[in-house]
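Each remark here refers to the structure printed beneath this line.
The values are calculated or read from the model by the stated rules, or taken from the named source; none is laboratory data. Everything numeric in this text was worked out from a predicted model, so none of it was measured. Counting neighbours? That spans all protein chains shown, and the Cβs are built from the backbone with ideal geometry, glycine included. Heads up: the accessible areas ignore ligands, DNA and RNA and are worked out on the full protein's heavy atoms, side chains in. Shrake-Rupley method; radii C 1.70, N 1.55, O 1.52, S 1.80 Å.
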Amino acid sequence: VATRDAVPRQVVDHYENPRNVGSLDRNAKNVGTGLVGAPACGDVMKLQVEVDENGKIVDARFKTFGCGSAIASSSLATEWVKGKTVDEALQIKNTDIAKELCLPPVKLHCSMLAEDAIKAALADYKLKQDPNKEEPEKKA
Amino acid sequence: RLQKEQYYSEQHSSLINKAYQTLLNPLSRGLYLLELNGVEPAQETDCDADSVFLMEIMEINEKLAEPENEAILEEIETLIKVKQEELTKEVTAAFERDDLQEAKKLLAKMKYFANLEDKLKNKKIPS
């Protein structure tokens, strides 16, 4: 295997020992569900967060069907959002995810998908808390 | 001079094969047509948020990930084929009325089903 193509150890770790695979009850009021896809490669990613009454994320799950980097990015995302408030979790950047996983340039978009999934889940949660509030158009 | 001719023949043979494979498959054919019409293909950084559609893709993926069951695999295979045929028809119609943006959207959907088709094929190969 050429060193150039070697999968980063961190990615292998998340692939072989993914954390937080699964689902939360999407109908629960304090659960936010983000479902995103990458049209260029056909990867699909679902990320869910459970938020307590203090606005803190107490649990997170993901299900991703796609390449190892996409799985690792979403696995790491669920690890990182736990314990954060909704606003803190919104600060998570794809560049941080990519750096942590040592993603090669060709897989950077996987970390972007994970960031999109986090934002989608949090937007869904927020919408559920106040359905009468006008939400700005979600970025396509 | 013979070497030069051989090289030239190999290049063209390779190109013809590539052209044939591209045109044979509806998805790659459609994407190529988009390219010819100056429409940018879906970028790596694009993000789909069509919940209803993505949910459908998720569910099929989840079924596929379940332990082997001949009946379910056949069911999924049929479903994927039907969807691909439907989408191919819709893409054709979109191109015919020159609705390139719609064609692009539909081709993106076809990509998800193409991936499912590959996963299904891999599942059927005895390990």
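The GNM of chain A, with springs linking C-alpha atoms under 10 angstrom apart, assigns the highest mean-square fluctuation among A:Ser74, A:Ser23, A:Ser111 to A:Ser23. Solvent-accessible surface of chain A, averaged per residue with a 1.4 angstrom probe and all protein chains in place: 51 square angstrom.
What residue among A:Glu53, A:Glu79, A:Glu16 shows peak mean-square fluctuation when chain A is described by a Gaussian network model with Cα springs under 10 Å? Among A:Glu53, A:Glu79, A:Glu16, the largest GNM mean-square fluctuation belongs to A:Glu53. Close amide H partners of A:Lys84, meaning residues 5 or more places away or on another chain with modelled amide H under 5 Å apart, are A:Ile57. With coordinates expressed along the principal axes, the C-alpha atoms belonging to the range A:9-126 extend over 39, 24, 23 Å, beginning with the largest. Listed by number, the DSSP H helices of chain A that run 15 Å or longer by alpha-carbon position along their axis and have mean Kyte hydropathy of at least -0.5 are A:68-81, A:108-129.
Projected over all directions and averaged, the alpha-carbon convex hull of the range B:58-113 occupies 3.8 nm². Using the 1.4 Å probe convention, the accessible area of chain B works out to 70 Å² per residue with neighbouring protein chains retained.
Per the 1.4 Å probe, what fraction of the accessible area of the protein assembly as shown, in percent, lies on carbon and sulfur atoms? If you can, show how the numbers build up before the last one.
Working: 8310 of 16100 Å².
Carbon with sulfur: 52 percent of the solvent-accessible area.
The distance between label points at B:Glu70 and A:Asp96 comes to 5.2 nm (points 7 Å beyond Cα on the Cα→Cβ vector).
When chain B is treated as a Gaussian network with alpha carbon springs shorter than 10 Å, the biggest mean-square fluctuation among B:Glu66, B:Glu85, B:Glu35 belongs to B:Glu66.
For the range B:1-124, the convex hull spanned by the alpha carbon atoms encloses 153 Å³ per residue.
Given a cut-off of 30 Å, name the pairs among A:Lys63/B:Lys18; A:Lys107/B:Lys18; A:Lys63/A:Lys128; A:Lys56/B:Lys109 whose C-alpha atoms lie farther apart than that in the structure shown.
On the way: A:Lys63/B:Lys18 35 Å; A:Lys107/B:Lys18 25 Å; A:Lys63/A:Lys128 21 Å; A:Lys56/B:Lys109 35 Å.
Flagged as over cut-off: A:Lys63/B:Lys18; A:Lys56/B:Lys109.
Summarising the amide proton neighbourhood of A:Val7: residues at separation of 5 or more, or on other chains, whose placed amide H is nearer than 5 Å comprise an empty set. Cα extents for the protein assembly as shown along the principal axes, largest to smallest and rounded to whole angstrom: 77, 47, 42.
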